[in-house]
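K.L.:
Once you've had a glance at the structure underneath, I'll fire off some questions.
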Amino acid sequence: MKAVLDACVLVPPVLREILLGVARRGLFQPCWSDRILEEWARASARFGPRSEAEARGRIALLRAEFPRAGLPAAPGVEARLHLPDPDDAHVLAAAIAGSADAIITLNARDFPRHILAEDKIARRDPDGFLWELWSGDREAVEAAVAEVVAEAGRRDGVPASPKRLLRKAGLNRLARAMAL
């Protein structure tokens, strides 16, 4: 499955790293456009200039790690799209141009399912998406979560609570499924 990761799921580090950890394990192919990555970097700037620089460094690493994830700009496709927020049309255009199966987003309002269905693209919230992947391959998803939890503990210098991290990332269904 090819899934476009909207900028809103790339900004929160725990959510982003769990999604990418699952992708590393081959459960889906992540996709993004340059504009999506730029939105992530700009959104990170609100946490300070260091956060934006860190995001740009992470973006460079992700481009190298997932060379097939980059999708071309699709201005011709974008021009024909009509979403509640015209500024989000580039995300759907990238998904269409890249033959993606889904857009992973927290932004349900601006990606109406009936509009996406016209191009056979599903809108998936990250919690439901990860729960579905966990239902199919518990070991892979739990390993990705464990890596993120361990990294959070290393970064903070104290053991991290998996339940707290998942809930803070909005992954309540996944946390319940994993019995955390």
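Where a number appears in this text, it was derived from the coordinates with a stated rule and is not lab data. Just so you know, these numbers come straight off a predicted model, no measurement behind them. Cβ atoms come from the backbone with ideal geometry, glycine included; neighbour counts cover every protein chain shown.
K.L.:
Dipole of the stretch 41-88, Cα-centred, from +1 at each Lys and Arg C-beta and -1 at each Asp and Glu C-beta, to the nearest 20 debye?
P.N.:
Details: 8 positive and 7 negative charges, 49 e Å.
Dipole of the stretch 41-88, to the nearest 20 debye: 240 debye.
K.L.:
Under unit Cβ charges (Lys, Arg +1; Asp, Glu -1), what dipole magnitude, rounded to 20 debye, does the stretch 2-126 have relative to its Cα centre?
P.N.:
Values: 18 positive and 17 negative charges, 80 e Å.
My answer is approximately 380 debye.
K.L.:
To continue, here is another question. Peptides 132-144, 9-21: what's the order by average Cβ count within 10 Å, highest mean first?
P.N.:
Numbers: 132-144: 15.8, 9-21: 21.8.
Descending packing order for the listed peptides: 9-21, 132-144.
K.L.:
Now for a separate question. Around residue 171, under 15 Å between beta carbons, what's the net of Lys plus Arg minus Asp minus Glu among the other residues? Spell out each step's value before the answer.
P.N.:
On the way: positive: 16, 124, 138, 163, 164, 167, 168, 173, 176; negative: 17, 125, 127, 132, 142, 147.
The answer is +3.
K.L.:
What is the magnitude of the charge dipole of the stretch 60-129 about its Cα centre, with +1 placed on the Cβ of each Lys and Arg, -1 on the Cβ of each Asp and Glu, and no other charges, expressed in debye to the nearest 20?
P.N.:
Details: 8 positive and 11 negative charges, 39 e Å.
Rounded to the nearest 20 debye, it is 180 debye.
K.L.:
Helix-only estimate, please: 222 nm mean residue ellipticity of the chain, summing -39500 (n - 2.57) across DSSP H runs of length 4 or more and dividing by its residues, to the nearest 500. The partial results should precede the final answer.
P.N.:
Details: 11 runs with 107 residues, N = 180.
Rounded to the nearest 500, the figure is -17500 deg cm²/dmol.
K.L.:
Follow-up. Out of 82, 126, 145, whose Cα points farthest toward the positive end of the dipole of the chain (charges: +1 Lys, Arg; -1 Asp, Glu; placed on Cβ)?
P.N.:
With unit charges placed on the Cβ atoms, the residue in question is 145.
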